[in-house]
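Trainee: Next up is a structure, given as structure tokens.
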Amino acid sequence: MHTPSAARDPGRHFFAVNMHAFEVVDLEALAQREGTPLYVYSAPAIRGRVQGLQAALQGLDALVCFAVKANSSQAVLQLMDELGAGADIVSGGELWRSLRAGIPPERIVFSGVGKSAEEIVQALDAGVARFNVESRDELELLQRLAAARGTVAHAAVRINPDVDALTHAKISTGKSENKFGVSIDEARAWFARSDDCPHVRLDGLHMHIGSQILQLEPMRLALQRLGAFWRELASAGHAIASIDVGGGLGVRYREGEQAPDPVEYVALIREALAGFDGRIVLEPGRYLVAEAGILLARVLRTKQGEQRRFLVLDAAMNDLLRPSLYDAWHDIVRVGGNDGRETQAYDVVGPVCETGDTFALSRPMPRCEAGDLVAIVGAGAYGASMASTYNSRPLAAEVLVDGGRYAVVRRRQSFEDMVAGEQPAGDWRKA
Ligand code: LLP
């Protein structure tokens, strides 16, 4: 049941969707010890999602490669590794993080429209499982770099299936006007001329049509196009060893939203790729971690404006950008529940000097006062990983909760940390 405000023990505990581990953590005490803003992740909730998806995939040669961009915390990546998941990376930095967390290169796939030569070399040297190639230029660069190292890169072509994922325009990636992937016609030509690139073993297909997808119909359509193309290639004699269906599975951020059932999603994959005996790769990010995380913030003050009532938090758009960037909805809960208070409508805002630093507009909440603790729910994906130090606000601390205990997995950034690497202009050089 979606009851983000449910609190069995108001004032002490907070019970959120699918986040059983939070039941045994006193969020108020946690916030007092570690300060706010504070990201709190539930290890059991993450395990539940990964294992649930792995169970749905049973019988298939399938690998879940967590999209590192969703939450690139070392602790979260270590958890993924323990669960046998791999990583979908899009930069040298994500490669480095994944390897450092112990994820073996055989379980790493490298996506992205702008891989640099340096990043490709890093990934070749690391021995990643596969490059998801997005342009002819990248294919040729991969060929040259692999040839120079006397190695053969395993590659998949990222298909742009020209399907509208029916999600927010800024996170829709599978339409022909988007920068991602290549058309099926272009991909066909790559396979026909694959002998031109002897240092690239082009034996995979990839796609990713967008994120926070709540309707399975676009997935079905895209998977069918992918499946049909695989069959065409196979009958033309091209051996396909891997099909990567991307990520995108949405979650329920808001009452009334219906998240797709992962078992139904996997059924679509089974149907579209029936008869495929190679490896199936999935690249979910959000689905595995979004609901396993909250952002705790303190109410700094309430402010009655001429027209609106503001709830000013100590968290801001630099900590959690999604509402500012996509008008994304996150439930916001007063830790401690209603406590007999009347409901008021607040514009929930942060201290950053932008009107866009708004988490919610006219949000009904129990009357709040300075010092109250609130939880911004569904913050485990694209929260900390998109944070910045804008307005010179140090990065928030992050903790992982497991079995009633918690560990600080990222200490709060100090002012010194924040300026590390900066230096006064003194060492003038000529370029
Ligand atoms: N694979 C590729 C190639 C991707 O580009 C992405 C996400 C994923 C997998 C994972 O997608 P997911 O399963 O998490 O939907 N910052 C936005 C989301 C951007 C997603 C970008 N690509 C947000 O906060 O909603």
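The values are calculated or read from the model by the stated rules, or taken from the named source; none is laboratory data. Quick caveat, the model's predicted, so the values are computed rather than measured. Every residue, glycine as well, gets a Cβ built from its backbone with ideal geometry; the counts of neighbours run over all protein chains shown. The area values use the complete protein model at the heavy-atom level, side chains included, leaving out ligands, DNA and RNA. Shrake-Rupley method; radii C 1.70, N 1.55, O 1.52, S 1.80 Å.
Trainee: Just the number, please: Stokes-Einstein D of the chain in µm²/s, Kirkwood Rh from C-alpha pairs, 20 °C, 1.002 mPa s.
Mentor: It diffuses with D of about 94 µm²/s by this estimate.
Trainee: Going by amide H atoms built from the backbone, whose H comes under 5 Å of the H on H154, apart from near neighbours?
Mentor: Residues meeting the amide H criterion: F131, R201.
Trainee: How many lysine pairs are close in the chain, with Cα atoms under 27 Å apart and the two 8 or more places apart or on different chains?
Mentor: So the count works out to 8.
Trainee: Right, another one. Return the long-range amide H neighbours of F310 (sequence gap of 5 or more, or a different chain), with a cut-off of under 5 Å between placed amide H atoms.
Mentor: Distant-sequence amide H within range of F310: K303, Q304, G305, D347.
Trainee: Same structure again: Can you send over the carbon and sulfur percentage of the accessible area for the chain, probe radius 1.4 Å, protein chains only?
Mentor: About 48 percent, which is the carbon plus sulfur part of the accessible surface.
Trainee: So how far apart, in nm, are the two label points at S414 and R149 if each is 7 Å from Cα heading toward Cβ?
Mentor: 3.8 nm
Trainee: OK, next. With a probe of 1.4 Å, find how much accessible area the range 330-431 has per residue, and write the answer as a whole number in Å².
Mentor: Result: 53 Å² per residue.
Trainee: May I ask you to give the solvent-accessible area per residue for the range 111-284, in square angstrom, as obtained with a 1.4 angstrom probe?
Mentor: Per-residue value: 42 Å².
Trainee: Report, by chain and number, residues whose modeled amide H sits under 5 Å from the one on A87, excluding near sequence neighbours (fewer than 5 apart, same chain).
Mentor: Here the answer is F66, I108, V109, since their amide H atoms fall under 5 Å of that of A87.
Trainee: Note down the net charge around E94, summing +1 for each Lys or Arg and -1 for each Asp or Glu among other residues with Cβ under 10 Å from its Cβ.
Mentor: That sum, taken over residues with Cβ under 10 Å, equals 0.
Trainee: All other residues with a Cβ under 11 Å from the Cβ of T389 taken together, and with Lys, Arg as +1 and Asp, Glu as -1, what is their net charge?
Mentor: Around T389, the charge tally is -1.
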